[in-house]
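Every read-out reported here was derived from the displayed coordinates using simple, explicitly stated rules and does not represent laboratory data. Computed from a prediction, not measured in an experiment: that's the story for all the values here. We place every Cβ from the backbone using ideal geometry, glycine too, and count neighbours over all the protein chains shown.
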Amino acid sequence: MHPNPTFHSQDHAKDIAFVRDRAFGTLLVNGDPVPMVAHVPVLLSEDGREVLIHLVRSNPIARALKTPLPARIAVTGPDAYISPDWYGVVDQVPTWNYVAVQITGVLELLPHEAMREVLDTQTAHFETRLAGKAPWTTGKMTPEVLDKMMRMIVPCRMVVEDIAATWKLGQNKDDAVRVRAAAQVPGGMGTELEALAALMAEPPVL
């Protein structure tokens, strides 16, 4: 998280909603000699107390989960480079604005019998957000094919101990200066520039 407390969120409901909306993150677990990393679909519960994920069985993290392990999931949102010229005031420096939520907890391997329920729970959350189509379900698959595919993945749950979020949107600048910079963001570089510009123009209350 960014060291400046100005950007730290205390609104856990907003942070949870952000993670549930993004639904994809980077899982990190301590390893030797470097951390183990996996990019995974993320389903955070509405109360923020647990995360359901699944991993390919051959993933090093899955193989390491003989016992529960401390872990962290980073979920990132829109981001953009901010040029000092955009502020319209002197003595500014370049920076990068962004939204990021880090979830820390204990990751455990669930019994394989839970794989179908985890997959169905995840899929229902994702599919119901797609407009204009009936939700896909595992019931549409041939049972033998589904069973074969489910043997290739493992269900995991993280028991959440902490959620920390950074919404770095230029809140440390005067409103007029921040809004002036926000207007330039859509023509700049980063991801989801329009969304980042909108957040900068009216940053959420943290």
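Worth pointing out:
- Listed by chain and number, the aspartates and glutamates whose alpha-carbon sits under 16 Å from that of K140, ignoring those within fewer than 8 places in the same chain, are E117, D120, E127.
- For K66, a cut-off of 19 angstrom between C-alpha atoms picks up these aspartates and glutamates, skipping any fewer than 8 places away in its own chain: D32, E108, E113.
- Under 19 Å from K168, Cα to Cα: aspartates and glutamates that are on another chain or at least 8 residues apart: D11, D15, D21, D79, D85, E192, E194, E202
- Percent of Cα pairs exceeding the 18 Å cut-off, where the set is the stretch 39-192: 68 percent
- J(HN,Hα) series, the stretch 142-159, from Karplus relation 6.51 cos²θ - 1.76 cosθ + 1.60, nearest Hz, glycine and proline x: 5, x, 5, 5, 4, 4, 5, 5, 5, 6, 8, 10, 10, x, 9, 9, 9, 7
- A simple spin-label model places the labels of V145 and V159 3.9 nm from each other, with each point 7 Å out along Cα-to-Cβ.
- The chymotrypsin sites (Phe, Trp or Tyr not before Pro) found in the stretch 1-105 include none that occupy coil by DSSP while having at most 13 further C-beta atoms within 10 Å.
- Computed [θ] at 222 nm, deg cm²/dmol, the chain (DSSP H ≥ 4; -39,500 (n - 2.57); rounded to nearest 500): -8000 deg cm²/dmol
- Sparse-neighbour loop sites [trypsin sites (Lys or Arg not before Pro); the stretch 47-100; at most 11 other C-beta within 10 Å; DSSP]: K66
- DSSP-loop trypsin sites (Lys or Arg not before Pro) across the stretch 104-205, with at most 11 other Cβ within 10 angstrom: R129, K133, R151
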